[in-house]
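These notes are about the structure you will find just below.
Quick note: the coordinates plus some simple rules give every number you see, no bench work behind them. Remember, predicted model here, so these are calculated numbers, not experimental data. Cβ: placed from backbone, ideal geometry, glycine included. Neighbour counts: every protein chain shown.
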Amino acid sequence: MVGSAAAAHASPLTEALARHSDKDVAALRGRVDPASRCTLGAVYAQRNDLPLASLYLRGCTESELPTEIAGDVAKIDRDLRKKLRDSDLAMIEVVTNPAGMTATITAFPNESFTTPATLYLVEGDYEVEAKLDGIVLKNLVHAVKRSRGAVVLDAGGTVVSGKVIKDGNVDFAEEGGGGGEQHAGPPPAVKHKNLMNEKYQKGFKAEATADPTNPDPNTLEDPFAVRQERRAPRPFWLGLRVGGGMFDDGASQARAGVAVAATGRVPLAGATFLAGRIDWSRRGGDSIDTLGASAGAGVTVIEGVAVLAQLRGDLRFGSMAERAGLTAAAGIEASLPRSPFSAGVRFEQGLTTLIAGARDRAVLLELGVDWR
């Protein structure tokens with residue numbers, strides 16, 4: 001019964017969403033209905049082709065899609081919008097006069113779209129071409145990463161029902177005739193200056209940047225945009241940690257305690273880095289103060305989350321404590337985005353004895369602040 005129900009809800013579109021393979025892309029590209037177009041956009045998004053995904057998913061949230069794909073397409077579209085905001089793609093508005101022209105751009109040689117349209121492009125130079133009723137307009141786009149811009153293609157003249165009218169005849173004779181002086185032919189031509197700014201006319205390059213000091217006169221700025229520049233990460237991190245947790249030496253009852261530490265990171269290749277630490281803590285049932293130094297390595301598993309492994313050497317201050325010791329430590333740290341704060345969990349296991357016949361171990365929850 002379960003298999004029959006699954007088969008009843010399966011369709012070529014749901015299967016394409018599940019597989020998102022090259023064969024699915026080829027099959028969907030030949031279909032023009034909204035459901036296929038939106039499914040193709042969702043497949044491109046799952047394949048991480050953000051420019052084409054944004055082109056095909058345009059307007060899908062307002063379309064009436066089949067029930068079996070509507071929820072998945074809506075979720076993929078929401079995720080795509082976040083990825084586009086976080087990406088380095090340039091957002092370019094393509095506007096034509098008249099509107100509703102069929103346009104192409106060299107960034108997508110095999111795709112067409114209807115104007116006006118919003119495109120997300122990789123940094124580079126492209127040519128836009130728009131056609132309607134024999135009218136062909138061309139213009140250039142210079143896309144800069146993480147920027148906004150616009151390109152305008154204007155046919156000029158007066159637009160009536162989607163056609164450009166260059167000339168015409170107007171009869172001003174009053175109805176019934178004989179009521180005044182009669183005029184034949186069009187009135188005298190009146191020359192008007194083009195109301196469009198020169199930078200939007202021939203040779204315009206749409207180049208947008210978040211830098212308001214850019215001297216390029218063709219730069220377009222969105223006055224309502226809220227921007228937060230991403231600073232390049234520093235070559236090393238320094239931080240402070242305050243932790244609390246449980247300490248246990250195996251010879252007496254476990255006790256709660258605190259630790260204070262200074263940390264540092266130096267990047268290696270890829271997502272790996274060297275990790276160092278100097279800390280103070282109070283351990284054991286006899287409240288033995290320890291001063292430790294740790295060294296090891298870590299790897300960033302996803303953005304803002306890293307796993308660390310270290311060896312810790314420490315000096316002990318107490319009448320019954322061994323003077324020096326060695327500990328293995330492991331932990332996970334999460335850095336809060338766009339802030340200096342972090343949080344983590346650390347586990348330490350003594351490799352040498354803390355006091356005669358007893359090794360200590362600790363589990364700590366730590367909060368910290370970093371200069372990174």
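List of remarks:
- Charge dipole (Cα centre; +1 on Lys/Arg Cβ, -1 on Asp/Glu Cβ; no other charges) of region 237-371 amounts to roughly 80 debye.
- When the pairs 75/145; 82/193; 83/138; 75/138; 83/193; 23/82 are compared against a 32 Å limit on Cα-Cα distance, 82/193; 75/138; 83/193 fall above it.
- Inter-label distance, residue 67 to residue 338: 4.0 nm, where each label sits 7 Å from its Cα along the C-beta direction.
- Residue 369 versus residue 246: modelled label distance in nm, points set 7 Å from Cα along the beta carbon direction: 3.1 nm
- Label-point separation in nm, residue 87 to residue 309, each point 7 Å along Cα→Cβ: 3.6 nm
- Cut-off 18 Å (backbone N to label point 7 Å along Cα→Cβ of residue 269), residues of region 297-321: 297-301
- Rounded to the nearest 20 debye, the dipole magnitude of region 22-90 is 160 debye, with +1 charges on Lys and Arg beta carbons, -1 on Asp and Glu beta carbons, and the Cα centre as origin.
- Kirkwood hydrodynamic radius (C-alpha pairs) into Stokes-Einstein, region 237-371, 25 °C and 0.890 mPa s, D in µm²/s: 163 µm²/s
- When the convex hull of its Cα atoms is viewed from all sides, region 2-83 shows a mean projected area of 5.3 nm².
- Legend: calculated FRET efficiency, residue 129 to residue 78, from the Cβ-Cβ distance at R0 = 35 Å, rounded to 0.05, equals 0.60.
- Remark: region 339-349, residue by residue, has Karplus-estimated 3J(HN,Hα) of 8, x, 8, 8, 9, x, 10, 10, 10, 10, 10 Hz, where x stands for each Gly or Pro and the curve is 6.51 cos²θ - 1.76 cosθ + 1.60 at θ = phi - 60°.
- Once the C-beta distance of residue 236 and residue 15 is scaled by a Förster radius of 35 Å, the resulting FRET efficiency is 0.10 to the nearest 0.05.
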